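I have placed the structure first, in the form of structure tokens, so that the comments after it can refer back to it.
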Amino acid sequence: MGMSLFFRIVGKVEARDNYFVQRRDSMGRPGLSTLQKITAVFRMLAYGCSADATDEYIKIGESTTIESLKRFCCAIVEEFVGEYLRSPNATDVARLLCIGKDRGFPGMLGSLDCMHWKWKNCSTAWAANMQVVVDPQ
């Protein structure tokens, strides 16, 4: 993910839910930053790590990470439901059918990526994601 997309998401989530805005605690010390909370969420979503594992890297507690994940998901759905999380309309269907036709699959609206290739020296961060590919042959 590029930095511009990441910061666009951060800005939208922060504007949608003020839980992500950094505040001061009762002692006047700065609390967890927006980037700490959202980075913890992205690590959980991208790498499948546990909420407890984020404490080692980001210095954020398990309960805060879980709360951040819940609020992040709600904020994303609220912010992007109209544009990205909807059924395709007639224009979308026509565009997708045209793309399929250009790629040699006329009439195909969507497809599953059924490619299977071996990745020698796959990094451990991606290993779990790559192992879910099922090859019946």
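For this structure, a couple of remarks:
- Qualifying residue in the range 49-61 (condition: in contact (Cβ under 8 Å) with a residue 24 or more places away in the chain and part of a helix (DSSP H, G or I)): no
- Phe7 being surrounded by 11 or more Cβ atoms within 10 Å (Cβ to Cβ) and closer than 30 Å to Leu109 by Cβ: no
- Tally of residues being surrounded by 12 or more Cβ atoms within 10 Å (Cβ to Cβ) and of a type in the set (D, E, K, R) across the range 71-94: 4
- So Glu67, is it farther than 30 Å from Gly110 by Cα and at pLDDT 95 or above: yes
The values are calculated or read from the model by the stated rules, or taken from the named source; none is laboratory data. What you see is a predicted model, and the numbers here were worked out from it, not measured in a lab. Note that we place each Cβ from the backbone using ideal geometry, even for glycine, and neighbour counts take in every protein chain shown.
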